[in-house]
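Asks: Input: one structure, supplied below.
The values are calculated or read from the model by the stated rules, or taken from the named source; none is laboratory data. Only a predicted model underlies this, so the values are computations on that prediction, with no experimental measurement involved. Cβ sites come from the backbone with ideal geometry, for glycine too, and all protein chains shown count toward neighbours.
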Amino acid sequence: MYAIVVHGGAGSWPPEREREITYGVRVAAEAGRDLLAAGHSALEAVTAAVRALEDDPLFNAGTGSTLSLPGSVEMDAGVMWGPRWATGNVAALPRVRNPVLVARAVMERSDHALLAGPGALQFARSLGYADYNPVTAAARNRWSRLRARLEDSPGEFGRLSGLLRDHPDLEGDTVGAVAVDGQGALASATSTGGVALKLPGRVGDSPLPGSGHFADDRCAVAATGQGELMMRHGTARVTACRVGAGESLREAIAATLDDLEHHLGSEVGIIGVDPAGEPIIAHRTPHMPHAVAREGTEEIRSALVHTGRTGDDPPKGPAPA
């Protein structure tokens, strides 16, 4: 039983753009589903799904990534292949079109698990990934507005927690995908432009296996939220360990959300899938665009807000009309 789940980032999305947003995650799920249906691996499927989201300027990954404080783009991405616990990741990577492809290349074509900054860029160029400017006009305009607002506000630019508390619209979104293939193998992938107005060199949870993504023989998980808090918590690995201790993936994700909210006050989103192909979508944010495709049905389900029960509380904030 193959299945794939993708998300476009937990947080607050403009309800008037629901059609565009849900179309984007549906396209990504379809890209992964088509590969699974043709007998390809879960790793191929999650890579293709995240690549589709990176190419959609609506999402904060690849093209359309949010800008750092100086106005540049530094992207993070990661993949993990459950059967071997193999992982590849890139951090603070500029000027490539698809960071997830470079992350996978780190896993498959190097002896390393994580490359960052100029070293990651040099590695990408050595493999033929061309120079590419991911900055869109919309991202540049948003950066200009946010810079103007923050320059009129007291406080230090470097205190990210204070910035996020006072300006929640600065929080960045991560895109992600999890899948199980026809052989029961699991994989996870994530990608992000990070937090708006972040300091140069800031790295979030997305390229850290065990924080933003994880896959083994029991589950595949991808998380989205404030990266600094999920790095402290080890969100993806904690969820997988709960499954290893005997909880269902549904129970494990719900308990992880409880942990994050109780200890860190963090509202995040998590998607997951188990070897049986059961997809889980959970979040405690107003929205988390997502899409699901499973073997045995031609339908791809996509939505801005998850309305089913996953053991978590209903999403906070108003649902789109």
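Asks: Quickly run through region 75-110 and pick out the residues that are crowded, with 23+ Cβ neighbours inside 10 Å and not aliphatic (A, V, I, L, M).
Replies: Asp76, Gly78, Trp81, Gly82, Thr87, Gly88, Asn89, Asn98, Pro99, Arg104
Asks: Across region 290-300, what is the total count of residues that are touching a residue at least 60 places away in the same chain (Cβ under 8 Å) and either part of a loop (DSSP other than H, G, I, E, B) or of a type in the set (Gly, Ala, Ser) (or both)? Before you say what the answer is, go through the steps one by one.
Replies: Going through region 290-300, the residues touching a residue at least 60 places away in the same chain (Cβ under 8 Å) turn out to be 290-296, 300.
Now drop any that are not either part of a loop (DSSP other than H, G, I, E, B) or of a type in the set (Gly, Ala, Ser) (or both), which leaves 291, 293, 295-296.
Number of matching residues: 4.
Asks: Looking at Gly64, Gly39, Gly71 in this structure, which one is part of a loop (DSSP other than H, G, I, E, B) and farther than 22 Å from Asp131 by Cα? Full working, then the answer.
Replies: Numbers: Gly64 fails: farther than 22 Å from Asp131 by Cα; Gly71 fails: farther than 22 Å from Asp131 by Cα.
From the options Gly64, Gly39, Gly71, the qualifying one is Gly39.
Rundown of residues vs (1) buried (at least 18 other Cβ atoms within 10 Å of the Cβ); (2) among the polar types (S, T, N, Q); (3) modelled with pLDDT of 95 or more, yes/no style:
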residue	(1), (2), (3)
Thr239	yes, yes, yes
Gly246	no, no, yes
Leu260	yes, no, no
Leu264	no, no, no
Ala282	yes, no, no
Glu299	no, no, no
Thr307	no, yes, no
Asp312	yes, no, no
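Asks: Please verify whether region 207-220 includes one or more residues that are modelled with pLDDT under 95 and surrounded by fewer than 24 Cβ atoms within 10 Å (Cβ to Cβ).
Replies: For region 207-220, residues modelled with pLDDT under 95 and surrounded by fewer than 24 Cβ atoms within 10 Å (Cβ to Cβ): absent.
Asks: Of these, Asp131, Asp169, which one is over 30 Å from Pro275 (Cβ atoms), modelled with pLDDT of 95 or more and acidic (Asp, Glu)? Even if it seems obvious, please write down each step before you answer.
Replies: Details: Asp169 fails: modelled with pLDDT of 95 or more.
One residue alone meets the criteria, Asp131.
Asks: Sticking with this one: If you go through region 106-122 one residue at a time, do you hit one that is farther than 19 Å from Leu43 by Cβ and of a type in the set (Lys, Arg)?
Replies: In the first step, residues of region 106-122 are kept if they are farther than 19 Å from Leu43 by Cβ; the result is 116-122.
Right, trim to of a type in the set (Lys, Arg) and you get none.
No, region 106-122 has no match at all.
Asks: Could you please find all residues in region 4-20 being buried (at least 24 other Cβ atoms within 10 Å of the Cβ) and either assigned to a helix (DSSP H, G or I) or in contact with a Gly (Cβ under 6 Å, 6 or more places away or on another chain) (or both)? Spell out the reasoning first.
Replies: Filtering region 4-20 for residues buried (at least 24 other Cβ atoms within 10 Å of the Cβ) gives 4-11.
Ile4, His7, Ala10 - these are the residues of region 4-20 that are buried (at least 24 other Cβ atoms within 10 Å of the Cβ) and either assigned to a helix (DSSP H, G or I) or in contact with a Gly (Cβ under 6 Å, 6 or more places away or on another chain) (or both).
Asks: Ok, one more. List the residue pairs whose Cβ atoms are under 8 Å apart, where the first residue sits in region 263-285 and is at positive phi, the second is crowded, with 19+ Cβ neighbours inside 10 Å and of a type in the set (Val, Ile, Thr), and the two are 6 or more positions apart or on different chains.
Replies: Between residues of region 263-285 that are at positive phi and residues that are crowded, with 19+ Cβ neighbours inside 10 Å and of a type in the set (Val, Ile, Thr), the close pairs are Gly277/Val180.
Asks: Hey, can you tell me all the residues within region 21-46 that are crowded, with 24+ Cβ neighbours inside 10 Å, more than 20 Å from Leu304 (Cβ to Cβ) and touching a Leu at 6+ places or on another chain (Cβ under 7 Å)?
Replies: Ala42, Ala45
Asks: Given the criterion among the hydrophobic types (A, V, I, L, M, F, W, C), within 26 Å of Ser12 (Cα to Cα), in contact with a Lys or Arg (Cβ under 9 Å, 6 or more places away or on another chain) and surrounded by fewer than 24 Cβ atoms within 10 Å (Cβ to Cβ), identify the matching residue among Leu127, Leu69, Leu121, Leu146. Talk me through it step by step, then tell me what you get.
Replies: Working: Leu127 fails: within 26 Å of Ser12 (Cα to Cα); Leu121 fails: within 26 Å of Ser12 (Cα to Cα); Leu146 fails: in contact with a Lys or Arg (Cβ under 9 Å, 6 or more places away or on another chain).
From the options Leu127, Leu69, Leu121, Leu146, the qualifying one is Leu69.
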